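Structure record follows, encoded as structure tokens.
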Amino acid sequence: MRALQYKAYGGPEVLEWAEAPDPHAGPGQLRIAVRAASLNPIDWKAFSGAMSGGEPMAGTGYLGYDAAGVVDEVGDGVTGVAVGDEVFGRGRNTQAESAVVGSWAAKPPSIDWAVAAAAGVAGETSERGLRLLDVKAGDTLFVDGGAGGVGAVAVQMALVRGARVIASASEANLDYLREIGATPVLYGQGVAERVRAAAGGPVDAVFDVAGKTPVEDLISLAPEPSQVLSVANFTAARAGARVTGGGADSHPMEALALVADLLAQNKLAIKVQTFPFDRAAEAYRISQSGHVRGKLVLVP
Ligand SMILES: NC(=O)c1ccc[n+]([C@@H]2O[C@H](COP(=O)([O-])OP(=O)(O)OC[C@H]3O[C@@H](n4cnc5c(N)ncnc54)[C@H](OP(=O)(O)O)[C@@H]3O)[C@@H](O)[C@H]2O)c1
């Protein structure tokens, strides 16, 4: 099978779509024939070497944390899924013709492969963030970075919970935020003032999915520092905000089941831009620009 891979750290030019060993489903896992796999910023943080701690590369690097496809191998202990089922989920090294997922949900038949592939990381991260912030009906939530992969899903999932959502974006994405049901504000210098003006009252929680605004500004909006949660600025914890990278905070099977249900009911829409696997470098250049609307997805 072929997989997206790199043998040296660098820019998107280091990526190759080339032969790789076949993966196999271990206990509790599924292997899928991949129909689509999404990009997440952690992928380019990996191949750029930003996560290497200064160590040289050992072996070949592979990419991808979510995908959608057809089950072709079922690991020991897995029940309720059979070869031939259509699923989407989260795994490692998913930007490949064949990939293993450790958490999944059935792909709603009405949902496109690329949209399903885009829903894994963004959906689980959004479910986790909104649960940890305990976003409830009637709350006012500020999503900083609401037009990106995670942000646009978090906005819509918060609306489903009955919250009022204020979200930030660049000028180019303010209309998109309106389209998905948020009250838009421009990010950057003065964003906290603009959020206060838009809220016209207290903000109950802040979900920082971009990691760009000084955490003090975000904390100034919340009733207490712990009602600011970041998935992108891990230094925010020093100021009393909460940070989450998944792990024990994550309920991936429940999250993906919820996301599948919302997609099927059209309560969640994910805007996707697709590229063939052998043009992944183009998609990664867009992702690295940091100005993505919705999700970038690779297809065979
Ligand atoms: N900890 C976790 O579990 C976890 C999980 C998933 C993702 N993440 C992290 O979360 C971050 C976002 O991921 P993503 O997939 O949503 O990325 P993405 O799709 O690239 O979106 C990034 C968004 O950030 C917005 N943005 C850029 N500059 C901003 C600023 N100064 N203030 C506020 N927003 C700004 C952009 O808006 P415009 O396009 O309008 O400029 C864009 O929509 C990444 O750092 C990723 O690694 C963490």
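The values are calculated or read from the model by the stated rules, or taken from the named source; none is laboratory data. Quick caveat, the model's predicted, so the values are computed rather than measured. Ideal geometry is used to build each Cβ from the backbone, glycine not excepted, and the neighbour counts take in all protein chains shown. With ligands, DNA and RNA removed, areas are computed over all heavy atoms of the protein, side chains included. Shrake-Rupley method; radii C 1.70, N 1.55, O 1.52, S 1.80 Å.
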Residues located in the stretch 34-49, provided they are open to solvent by less than 10 Å² (accessible area, probe 1.4 Å) and over 14 Å from V297 (Cβ atoms): F47
Scanning the stretch 246-267 residue by residue, those out of contact with any helix residue (DSSP H, G or I) (no Cβ under 6 Å at 6 or more places or on another chain) and not aliphatic (A, V, I, L, M) turn out to be G246, G247, H251, E254, D261, Q265, N266
If you check R196 against the conditions, is it over 21 Å from the mean Cα position of the chain (by Cα) and either within 10 Å of the ligand (Cβ to nearest atom) or open to solvent by 30 Å² or more (accessible area, probe 1.4 Å) (or both)? yes
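Quick grid of which residues meet (1) surrounded by fewer than 17 Cβ atoms within 10 Å (Cβ to Cβ); (2) outside any loop (DSSP other than H, G, I, E, B):
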{"position": "N173", "(1), (2)": "no, yes"}
{"position": "V206", "(1), (2)": "no, yes"}
{"position": "P223", "(1), (2)": "yes, no"}
{"position": "L258", "(1), (2)": "no, yes"}
{"position": "L268", "(1), (2)": "no, no"}
Can you work out which of the residues in the stretch 148-171 that are assigned to a loop (DSSP other than H, G, I, E, B), more than 16 Å from V195 (Cβ to Cβ) and small (G, A, S) is farthest from the ligand (Cβ to nearest atom)? G162
Considering (1) open to solvent by less than 10 Å² (accessible area, probe 1.4 Å); (2) free of Cβ contacts under 8 Å to residues at least 24 places away in the same chain, say which one A82 fails and leave the rest. (1)
So is G149 closer than 22 Å to Q227 by Cβ and open to solvent by less than 60 Å² (accessible area, probe 1.4 Å) or not? no
Quick one: V292 ticks every box in (1) at pLDDT 95 or above; (2) open to solvent by less than 50 Å² (accessible area, probe 1.4 Å); (3) hydrophobic (A, V, I, L, M, F, W, C) bar one, so which box is it? (1)
Checking G246, G240 in turn, the sole residue that is on the phi > 0 side of the Ramachandran plot and either of a type in the set (F, W, Y) or away from the ligand (no atom under 12 Å from the Cβ) (or both) turns out to be G240
Would you mention how many residues in the stretch 88-120 are assigned to a strand (DSSP E or B) and either within 16 Å of the ligand (Cβ to nearest atom) or buried (at least 22 other Cβ atoms within 10 Å of the Cβ) (or both)? 13
So how many residues does the stretch 50-79 have that are surrounded by 10 or more Cβ atoms within 10 Å (Cβ to Cβ), modelled with pLDDT of 95 or more and hydroxyl-bearing (S, T, Y)? 3
Hey, can you tell me all the residues within the stretch 9-27 that are surrounded by 12 or more Cβ atoms within 10 Å (Cβ to Cβ), of a type outside the set (D, E, K, R) and within 25 Å of the chain's Cα centre (by Cα)? Y9, G10, G11, P12, V14, L15, W17, P23, A25, G26
Criterion (small (G, A, S) and more than 11 Å from the ligand (Cβ to nearest atom)) met by exactly one of G123, G145, G138: G138
For the stretch 228-242 the number of residues that are in contact (Cβ under 8 Å) with a residue 60 or more places away in the chain and part of a strand (DSSP E or B) is 2
Quick one: count up the residues across the stretch 44-68 that are in a loop (DSSP other than H, G, I, E, B) and under 17 Å from G290 (Cα atoms). 2
Scanning the stretch 200-232 residue by residue, those polar (S, T, N, Q), under 14 Å from G129 (Cβ atoms) and within 10 Å of the ligand (Cβ to nearest atom) turn out to be S230
Those residues of the stretch 175-185 which are within 18 Å of the chain's Cα centre (by Cα) and either assigned to a loop (DSSP other than H, G, I, E, B) or at pLDDT below 95 (or both), in sequence order: I180
